[in-house]
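Remarks on the structure that follows.
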Amino acid sequence: MKPNEVRSIKREVERELWARAAGRCQFNGCNKPLYKSPITQERVNISEKAHIYSFSKDGPRGWGRFAKNKKSINDIENLILMCHDCHRTIDQDINGEKYSAKLLQQWKKEHERRVRIVTGISSNMKSHVIFYGANIGDEKSPIQKNDAFEAMFPIKFPQDEHPIELSMKCEHDDSNPDYWTTETNNLKNLFKLQLIPRIQDNDPAHFSIFALAPQPLLIQLGALFTDKIDVETYQLHREPKTWKWQNYPDEFKFIIHKPQNFNNPPVLIVSLSDFVDYKRIYSVLGGNVSIWELTTKEPHNDCIKSQAQLSMFRTEMRKLIIDIKQQHGNTTPLTIFPVMPISCAIELGRVRMPKADMSWVIYDQNHKEGKFIKALTISGDRNE
């Protein structure tokens, strides 16, 4: 073939390439829009049509399987849409060892699959994405947008490319009593300003929550939402590290331990992430308490893997709270010691019935103090 014939790509092939890529760079991890300037944001075509197998015999990745059929080298399956920088990156790998044809084909296939998923979802599958991250001890709590969005697909997709942030950077750490007051007030104010109008608009009527924060604040967040609002709470898994829901673990079930008598003030321990020695509770509250506990056979940090487990948790917790009220009355405060995954903390707050349930006094394990400390109280519709 003549060189100019090899380089010539039909217009219909070019249009299809753009459509499959949704006008974005298909280099894995780039995804840059190719229809506008990244500097001025002006509309301009900055795309380049890169060959997976080179149009030149001696080029990167060579002719490969097209050696005997060079007329097909400009077919759609051998082209990948890229920005200038990414195109240069793959072509500087002269021998095609790092950026092999097989790898580029895989990237192209995965990118086009994501485009099909996103564009194929019904418009009623939109969801407001909520990020809530507060300081946990001395650690920061970053939540990566792309990881969160990936966890939602293909069931839901974001209403907007920018999540709704409910986070703040408090000057205090969680060992300071002012921390809980400051963070709680900030959370309630941001909820009122950013979420109440969206809840009232009801478009869309769904919210997806990704959170990394101390458990008392997560419970408060759930209590603000209540179970009347359509919410999907996500869990950050350690193995594999992802927000995407996993399969239901074999032989999993919740276990409830009831106190021997109901004459003392009620205490609820939710020990799903780790075992809680009752002596730790007595050291804070004294021995005259009636301890209820929801746990599992083997508590650990990664115990909640599936949506079905979270649904079961809501059901069991609602029944347990009703049982506690029947035994102790709904005017007696319930002291809660949460040692559980993120998603369960939020869902615990959501199952609360603000006008029917007793006040909740929530404690938090403080590593500097080496014990549980009182964090916040949820009473009716108010936080004290």
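The values are calculated or read from the model by the stated rules, or taken from the named source; none is laboratory data. Computed from a predicted model, the values in this text were never measured in an experiment. As a convention, Cβ positions derive from the backbone with ideal geometry for all residues, glycine included, and neighbour counts pool all protein chains shown.
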So residue 27, is it at pLDDT below 90 and not assigned by TED's automatic domain parsing to the domain that holds residue 154
no
Candidates 280, 318, 314, 350, filtered to the one that is buried (at least 19 other Cβ atoms within 10 Å of the Cβ), outside any strand (DSSP E or B) and not acidic (Asp, Glu):
350
Just to be sure, is residue 167 among the small types (Gly, Ala, Ser) and part of a loop (DSSP other than H, G, I, E, B)?
yes
With respect to residue 336, is the statement that it is in the same structural domain as residue 237 (by TED's automatic domain parsing), touching a residue at least 60 places away in the same chain (Cβ under 8 Å), among the hydrophobic types (A, V, I, L, M, F, W, C) and assigned to a loop (DSSP other than H, G, I, E, B) true?
no
Filter result for the condition that a residue is more than 28 Å from residue 153 (Cα to Cα) and either modelled with pLDDT under 95 or in a loop (DSSP other than H, G, I, E, B) (or both), over 38, 60:
60
Search result, residues across the stretch 78-116 that are surrounded by fewer than 18 Cβ atoms within 10 Å (Cβ to Cβ), part of a helix (DSSP H, G or I), in contact (Cβ under 8 Å) with a residue 24 or more places away in the chain and hydrophobic (A, V, I, L, M, F, W, C):
115
Only one of 273, 283 is of a type outside the set (Val, Ile, Thr) and touching a His at 6+ places or on another chain (Cβ under 8 Å). Can you tell me which?
273
Of the conditions (1) in contact with a helix residue (DSSP H, G or I) (Cβ under 7 Å, 6 or more places away or on another chain); (2) at pLDDT 90 or above, the single one that residue 72 does not satisfy is (2)
Find all pairs meeting these conditions: Cβ atoms under 6 angstrom apart; at least six residues apart or on different chains; first residue within the stretch 52-64 and over 18 Å from residue 26 (Cβ atoms); second residue modelled with pLDDT of 85 or more and of a type outside the set (A, V, I, L, M, F, W, C).
62/54; 63/53; 64/53
Can you name every residue in the stretch 308-328 that is polar (S, T, N, Q) and either without any contact (Cβ under 8 Å) to a residue 12 or more places away in the chain or touching a strand residue (DSSP E or B) at 6+ places or on another chain (Cβ under 6 Å) (or both)?
311, 315, 326
